Amino acid sequence: MSAATDTDAIPVTFYRPNYHIKTPAMRSPEYVQLSTAAAITLGLIEGRMHRTACTHCLNLLVTYPEGCRANCAYCGLARHREETRDYADRNFIRVDWPAVRYDEIIARVRNGDDRNQFERMCISMISHPDSNDDTFVLLERWVREVPRIPVSILSNPTTLDYDDLVRMRDLGAEIFTVALDAVTPQIFDRTRGRGVDSPHKWDKYWRTLEWAAEIYGPEKFGAHLICGMGETEREILEVAQKIRDMGGHNHMFAFFPERGSLMEDWEPVPRDQWRRVQLARFLIDYAGGHIGRMQFDSAGRLTDFGMDRNELDALVASGKPFQTSGCPGHDNEISACNRPYGDSMPADIRSFPFALETRDVERVQRQMQGEDICTYEE
Ligand code: SF4
């Protein structure tokens with residue numbers, strides 16, 4: 001298990017896991033992979049995270065030795081890595097995802113080993129022939145054995161049909177999300193489609209979002225969007241507004257170069273750009289904002305949020321717009337899926353996995369004014 005020390009000014013210590021996790025023979029539905037934060041929260045591995053004791057979302061990933069058949073340019077799980085790295089051993093959104101028996105995860109959650117920290121479980125699909133069927137099996141079992149924790153599906157539209165979405169809803173999935181990630185057809189094709197010999201199609205992803213709006217209804221579906229892959233601020237916010245107008249929510253990720261991916265040499269999204277998009281996204285999703293009232297310059301850069309100054313300042317001071325955006329827990333505006341350091345280093349936080357303190361808000365405000373500072377005070 002690699003500690004994230006190679007990129008972090010602040011040490012994050014992981015101790016050697018107390019069971020063997022790297023056998024490529026592990027496959028779903030018997031096994032799933034889970035995020036490092038979830039493994040720590042569940043007591044499966046020992047470790048600590050900077051300024052947060054846990055995650056409130058049990059993020060699971062279907063797993064197969066042959067891995068994902070897609071080849072997305074920014075992803076650590078992409079097919080092109082199969083020559084160099086066992087699938088069970090690849091990093092994903094900056095961390096390792098140990099593989100564990102589903103039996104053990106269910107037993108530990110039912111036993112309260114998470115100290116009731118989990119407010120949501122999420123099943124992430126990949127592009128694999130068995131991914132649909134195994135997601136049905138994992139979902140059905142969870143809803144039957146752990147009904148107190150609602151389930152989100154992070155779907156893979158490329159392998160899904162309309163009836164599959166209906167079946168997941170009927171099996172008890174509460175929220176259905178599409179990892180659109182790239183926000184223009186050109187960037188999508190370049191990073192997820194023909195540009196990287198990968199099967200994903202822009203039109204199929206949008207059709208699946210329309211199905212989700214119809215089948216799951218308002219507030220119960222959404223999309224993942226990545227900021228910083230060449231789109232303008234106007235382009236990503238136009239997509240965010242479109243999804244909001246359909247009744248869905250937007251879960252934002254700051255682009256961060258993933259080790260071993262085809263985009264590992266790219267720069268992270270500039271801090272000021274990210275902060276403007278993060279704030280505007282929150283206004284659109286939760287504070288009555290609308291892109292129609294926002295102003296942009298000729299380069300598509302946001303210059304006016306289209307909101308009363310005092311209201312805007314109060315929202316910024318609350319810090320809420322800068323916390324990780326994801327599926328909710330007990331508090332509808334706060335993401336249970338806080339994905340600690342999934343899109344940045346602890347020393348330079350992009351999506352805060354905890355409520356911001358005054359010192360954090362002050363640094364965010366300075367970043368929005370263009371100061372090139374990280375969030376960690378030397
Ligand atoms: S926001 Fe989190 S819980 Fe929701 S679909 Fe995405 S990864 Fe899953």
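The values are calculated or read from the model by the stated rules, or taken from the named source; none is laboratory data. A quick note: this is a predicted structure, and the numbers were derived from the prediction, not measured. A quick note on method: Cβ atoms are made from the backbone with ideal geometry, for glycine too, and the neighbour counts reach across all protein chains shown. When the accessible area is computed, the model is the full protein with side chains, heavy atoms only, and any ligands, DNA or RNA have been set aside. Shrake-Rupley method; radii C 1.70, N 1.55, O 1.52, S 1.80 Å.
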Query raised in the report: Which one of the conditions (1) within 16 Å of the ligand (Cβ to nearest atom); (2) surrounded by fewer than 19 Cβ atoms within 10 Å (Cβ to Cβ); (3) within 18 Å of Thr41 (Cβ to Cβ) does Val143 fail to meet, given that it meets all the rest?
Result: (3)
Query raised in the report: Hey, among Pro150, Pro157, which residue is in contact with a helix residue (DSSP H, G or I) (Cβ under 6 Å, 6 or more places away or on another chain), within 16 Å of the ligand (Cβ to nearest atom), within 26 Å of Tyr205 (Cα to Cα) and not hydrophobic (A, V, I, L, M, F, W, C)?
Result: Pro157
**Report entry** Given (1) open to solvent by less than 20 Å² (accessible area, probe 1.4 Å); (2) within 15 Å of Trp274 (Cα to Cα), number of the condition His249 does not satisfy
**Finding:** (2)
Query raised in the report: Is it fair to say Val178 is within 16 Å of the ligand (Cβ to nearest atom) and either in a helix (DSSP H, G or I) or at pLDDT 95 or above (or both)?
Result: yes
Query raised in the report: Looking at region 337-359, which of its residues are within 14 Å of the ligand (Cβ to nearest atom), charged (D, E, K, R) and open to solvent by less than 20 Å² (accessible area, probe 1.4 Å)?
Result: Asp343
Report task. Within region 281-299, identify whether any single residue is in contact with a strand residue (DSSP E or B) (Cβ under 7 Å, 6 or more places away or on another chain) and either among the hydroxyl-bearing types (Ser, Thr, Tyr) or free of Cβ contacts under 8 Å to residues at least 24 places away in the same chain (or both), and answer yes or no. Result -> yes
Query raised in the report: Regarding Leu302, is this residue at pLDDT 95 or above, touching an Asp or Glu at 6+ places or on another chain (Cβ under 9 Å) and more than 16 Å from the ligand (Cβ to nearest atom)?
Result: yes
Query raised in the report: Only one of (1) over 21 Å from Glu231 (Cβ atoms); (2) surrounded by 20 or more Cβ atoms within 10 Å (Cβ to Cβ); (3) among the aromatic types (Phe, Trp, Tyr) fails for Tyr286. Which number is that?
Result: (2)
Query raised in the report: When region 116-125 is examined, which residues are found to be more than 13 Å from the ligand (Cβ to nearest atom) and surrounded by 17 or more Cβ atoms within 10 Å (Cβ to Cβ)?
Result: Gln117
Query - region 194-204, subset of a type outside the set (D, E, K, R) and surrounded by fewer than 22 Cβ atoms within 10 Å (Cβ to Cβ), residue farthest from Val269 (Cα to Cα) - result: Pro199
Requested in this report: Please verify whether region 337-351 includes one or more residues that are in a loop (DSSP other than H, G, I, E, B) and farther than 27 Å from Glu264 by Cβ.
Outcome: no
Requested in this report: Can you tell me which residue among Glu210, Glu233 is farther than 23 Å from Gly67 by Cα, surrounded by 19 or more Cβ atoms within 10 Å (Cβ to Cβ) and acidic (Asp, Glu)?
Outcome: Glu233
Report summary line: Restricting region 213-240 to residues that are β-branched (Val, Ile, Thr) and free of Cβ contacts under 8 Å to residues at least 60 places away in the same chain, the one farthest from Val166 (Cα to Cα) turns out to be Ile236
Query raised in the report: Considering region 318-329 alone, what residues qualify as being in contact with an Asp or Glu (Cβ under 7 Å, 6 or more places away or on another chain) and either part of a loop (DSSP other than H, G, I, E, B) or farther than 30 Å from Phe118 by Cα (or both)?
Result: Gly319, Gly329
Report task. Might you let me know whether region 187-208 holds any residue that is within 16 Å of the ligand (Cβ to nearest atom) and more than 26 Å from Glu258 (Cα to Cα)? Result -> yes
**Report entry** Exclusive hit being crowded, with 23+ Cβ neighbours inside 10 Å and free of Cβ contacts under 8 Å to residues at least 60 places away in the same chain, set Leu165, Leu180
**Finding:** Leu180
